[in-house]
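Undergrad: Sharing a structure below in structure tokens format, with a few things to ask.
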Amino acid sequence: MAFNIQTTPQTILNSSSTGPGSWYRVHPSIRNITFQTLQTGSSVGVTVASTSYIEVSNDGTNALATKAATIAFNGGSPQSDGFSLDAHYEYVRANINSISTGGIQVIAAPKAPL
């Protein structure tokens, strides 16, 4: 199954366990993508902790050694953070390195080309 990032925001990972999500191919005309990561604990106010990566690739198989972003949470639930990638890579994915409780959702929102 092919996963693509084109013009609308979409969830690229929604998981409660560690490991990488699927590779998403980025439309060739999209250069800027904003990623928002949300961690929700098992109940409101519970302490959550996690580390997630946004990884990029030009072949959709091998992630570059340097992560595009590292997003870390440690505090009361829910936690949210994000960043913007202003470079074109053929593929992107989210990868949960560690998680204490609850689930993590990563949304990719591409900026439409001019």
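Undergrad: Against the conditions (1) on the phi < 0 side of the Ramachandran plot; (2) open to solvent by less than 50 Å² (accessible area, probe 1.4 Å), where does G19 fall short? Just the number, please.
TA: Result: G19 passes all but (1).
Undergrad: Open to solvent by 40 Å² or more (accessible area, probe 1.4 Å) and touching a residue at least 40 places away in the same chain (Cβ under 8 Å): is that true of S42 in this structure?
TA: yes
Undergrad: Which residue, of I33, I107, is among the hydrophobic types (A, V, I, L, M, F, W, C), part of a strand (DSSP E or B) and open to solvent by less than 50 Å² (accessible area, probe 1.4 Å)? Talk me through it step by step, then tell me what you get.
TA: Working: I107 fails: open to solvent by less than 50 Å² (accessible area, probe 1.4 Å).
Residue meeting the stated conditions: I33.
Undergrad: If you check A63, A72, A94, which single one turns out to be farther than 16 Å from T37 by Cβ, touching a Ser or Thr at 6+ places or on another chain (Cβ under 9 Å) and small (G, A, S)?
TA: A63 is the lone residue from the list that is farther than 16 Å from T37 by Cβ, touching a Ser or Thr at 6+ places or on another chain (Cβ under 9 Å) and small (G, A, S).
The values are calculated or read from the model by the stated rules, or taken from the named source; none is laboratory data. All values derive from a computational prediction rather than experimental measurement. Ideal geometry is used to build each Cβ from the backbone, glycine not excepted, and the neighbour counts take in all protein chains shown. For the accessible areas, the whole protein counts, side chains as well, though only heavy atoms, and no ligand, DNA or RNA atoms are used. Shrake-Rupley method; radii C 1.70, N 1.55, O 1.52, S 1.80 Å.
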